[in-house]
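Everything below concerns the one structure shown next.
The values are calculated or read from the model by the stated rules, or taken from the named source; none is laboratory data. Fair warning: this is a prediction, and the values are worked out from it, not measured in the lab. Note that each Cβ is placed from the backbone with ideal geometry, even for glycine, and that neighbours are counted across all protein chains shown.
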Amino acid sequence: MSESSNEHLDPEDTINILVATDIHLGFDYSKKRGGQSDDSFITFEEILKYGKEKEVDFILLGGDLFHDTKPTQTAMLKCVELLRKYCLGSRECKLEFLSDSELVFRHCAQKHVNYEDQNLNVSMPVFTIHGNHDDPSFGTVGSMDVLSATGLVNYFGKWTDLTRVIISPIVLKKRNTHVALYGLSYINDQRLSRLYRDEKVELLRPKDIEPFNIFVLHQNRVKHSNYAYISENRLHKFLNLVIWGHEHECRINPELNVEGGYYISQPGSSIATSLCEGESKPKHVGLLKINKNNFKMKPLKLKSVRPYIFENLILSDHDIKIHDCISLADSVSQYVDRYIENELMPKVAKQLTGYPNQPSQPLIRLRIFYNDDNEQFDTLSLAQKYCDEVANPMEMIIFRKMKSGEKSKRFNDEIDDLDDITELFQADIGQDWISTVPGGIKKYFDMEENKDKLTVLTVTALNEALNRYVDRGDIEAFRNIVSDQMKRTIEYVKAQNSEKPEDIRNEIINFRNKRVSEEQEEQSNVLRALNNPVQTNAKNVKQSHNVVSDSDDDDLNSRSSTTKTRGRGRGSRGGRGSRGSRGGAKANEGNSSITRMLSSRSAQPKRTTCDPIIIDDSD
């Protein structure tokens, strides 16, 4: 196997594949400004155009086709329209499908490869795994399932058994060239890392042929903590090429892993979704040509992406004179303004390619390193000056204090984006809890003086909601878990027939303690609530106060409507619709007491939150 060869290769034996990952359809830069952004769809169309122009045999996607676990109907519609426009047609697909389709597509509604469907004219098949952003919850339907049912994509690599992973390949043939395509959709990095350590990841090999073996996965490649990534050296040594999704920095040219003997290509994201240095590197997709055991990856630059300039400015390396400025901060502000106008904006112009509909407003990130606190200035005036010229004026400048002995030219160890801090929220069996954010939360509420600060929510529920929010961008996670835990608590307390406030309070704590002691059952209930949320309404939970959850989600607070309780107002005691006895009214008042307690227990001071559209590297 070699990346290139000087021998004559028959083009009729060559399988042409367009490779891309992390397209993030639906990601929107402009939510904070109340506008609309089509960046991801413009670039996705460019990718599909490349595929059609190069007449590839198929397109291979490495996960995160969508940015949200539950994409909007608009995002799904635009995706379907583009796939229909570029992937359907009369051109013949020359690939033979040699695998057991019932096996490799067992999780799909349509258990066959789409270009063999007699009801479809597929000229350019798409094969895709899912990533962490479009990861369907266990037992639920995800965006990839929907696209697969339409016949527009071939969804493979979905695995739900977390005790062992066994992957059957998709075997494709074009004359004398065979490709075995192995796919593994996103799995919690720590769990998958443990499975690799325990040698419980198995890739089944086809018999009687020696194919070119491709493995596509969507995991952390960069080491964050001991087990929050997948080591490059642990992959199976019979592989020829690994397509690595999830990491957003473009490293499209295959890199040889000497220990494993295989090459790794990291296409990176198609658009920038965070203001980090890695995202500012030029974006590419790859044209992969495979002929028997020879292959070559040709980078194809994406010309439709929004310009993005990232630079470090070390104040101590520049001659910043105060002149007539009132303060040092004012002097630095004026210098930075001139630097943006004279140094950064000209670089923006060079990234404008003339591609139709390429966004012209750039993303700019200037990371300023300072020694003296007096060198910091209020960035609002600069944001206002560039608000019509830059897509992210409020996040354009970020300050970092120089650490003693810090190398002035090395600042690549910053947290890049939300995906890169995911491991802080992921906890697995056997892991040191204290080293993670969930661990810190658990440690805090395990302390004797804090154990009764959570009476409705459990730590298990809170941490799982955090994990869903960070890992999958599930903005409804906190809403769903609060609604479910309130509903379960109310049902339990009502069954105890308690009337006095103190008795109700004790029953709430008893129920909390019961759930804490039965951790495995509580985990199952939490996953059920998150995977199959039921909208809470007046029939489920009736309350006399606005419910403010332990979450900082203002949207959750605003949508928790004020409803009448059963023991208050019309129809409670002798009014219209009241047919019960006085004892029944007392019971209703008891239920009302329950909901009032839950509301007060859940209430927290309201804080201003930021819409997490672009996660910067300041955390």
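Annotations
- Entry remark, the stretch 71-93: residues being assigned to a loop (DSSP other than H, G, I, E, B) and crowded, with 21+ Cβ neighbours inside 10 Å number 1 in total.
- Considering Lys94, Lys158, Lys111, the condition of being among the basic types (Lys, Arg) and at pLDDT 90 or above is satisfied by Lys94 alone.
- Meets criteria (farther than 22 Å from Gly268 by Cβ, exposed (fewer than 14 other Cβ atoms within 10 Å of the Cβ), in contact with a strand residue (DSSP E or B) (Cβ under 6 Å, 6 or more places away or on another chain) and not hydroxyl-bearing (Ser, Thr, Tyr)) for Glu96: yes
Residue-wise test of (1) of a type in the set (S, T, N, Q); (2) within 22 Å of Arg205 (Cα to Cα); (3) not assigned by TED's automatic domain parsing to the domain that holds Ile243.
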residue	(1), (2), (3)
Val104	no, yes, no
Asn119	yes, no, no
Met124	no, no, no
Phe127	no, yes, no
Thr140	yes, no, no
Thr150	yes, no, no
Tyr155	no, yes, no
Thr163	yes, yes, no
Ile166	no, yes, no
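- Among (1) of a type outside the set (S, T, N, Q); (2) closer than 24 Å to Val348 by Cα; (3) crowded, with 21+ Cβ neighbours inside 10 Å; (4) at pLDDT 75 or above, the one test that Asp416 misses: (4)
- Filtering the stretch 105-151 to residues that are small (Gly, Ala, Ser) and either in contact (Cβ under 8 Å) with a residue 60 or more places away in the chain or over 21 Å from Leu82 (Cα atoms) (or both) leaves Ala109, Gly131, Ser137, Gly139, Gly142, Ser143.
- Sole residue being part of a strand (DSSP E or B) and basic (Lys, Arg), chosen from Lys223, Lys173: Lys173
- Residues of the stretch 156-170 that are within 17 Å of Ile17 (Cβ to Cβ) and not in a loop (DSSP other than H, G, I, E, B): Ile170 alone.
- Of all residues in the stretch 147-169, those that are of a type in the set (S, T, N, Q) and under 23 Å from the mean Cα position of the chain (by Cα) total 3.
- Matching residues in the stretch 121-155 - criterion: being surrounded by fewer than 20 Cβ atoms within 10 Å (Cβ to Cβ), modelled with pLDDT under 90 and part of a loop (DSSP other than H, G, I, E, B): Ser137, Phe138, Gly139, Thr140, Val141
- Taken over the stretch 371-386, the criterion of being of a type in the set (Phe, Trp, Tyr) and either in the same structural domain as Asp39 (by TED's automatic domain parsing) or under 23 Å from Ser274 (Cα atoms) (or both) is satisfied by Tyr386 alone.
- Phe238 falls short on exactly one of the conditions (1) under 21 Å from Leu95 (Cα atoms); (2) modelled with pLDDT of 90 or more; (3) assigned to a loop (DSSP other than H, G, I, E, B), and that condition is (1).
- Lone qualifier among Leu466, Leu462, Leu457 - being surrounded by fewer than 22 Cβ atoms within 10 Å (Cβ to Cβ), of a type in the set (A, V, I, L, M) and not assigned by TED's automatic domain parsing to the domain that holds Tyr186: Leu466
- Condition met for Val222 (of a type outside the set (Lys, Arg) and free of Cβ contacts under 8 Å to residues at least 12 places away in the same chain): no
- Of all residues in the stretch 345-390 being crowded, with 19+ Cβ neighbours inside 10 Å and touching a residue at least 60 places away in the same chain (Cβ under 8 Å), the one that is nearest to Ile314 (Cα to Cα): Arg367
- Subset of the stretch 159-176 (residues that are surrounded by 21 or more Cβ atoms within 10 Å (Cβ to Cβ) and more than 14 Å from Leu61 (Cβ to Cβ)): Pro169, Leu172
- Elements of type helices (runs of 4 or more DSSP H) in the stretch 475-538, at least 1 residues being within 30 Å of Asp68 (Cα to Cα): 477-495, 519-531
- Exclusive hit being in a loop (DSSP other than H, G, I, E, B) and within 20 Å of Val19 (Cα to Cα), set Glu249, Glu199, Glu210, Glu255: Glu249
- Residues located in the stretch 49-65, provided they are closer than 20 Å to Ile290 by Cα and either within 23 Å of the chain's Cα centre (by Cα) or touching a residue at least 60 places away in the same chain (Cβ under 8 Å) (or both): Tyr50, Gly51, Lys52, Lys54, Val56, Asp57, Phe58, Ile59, Leu60, Leu61, Gly62
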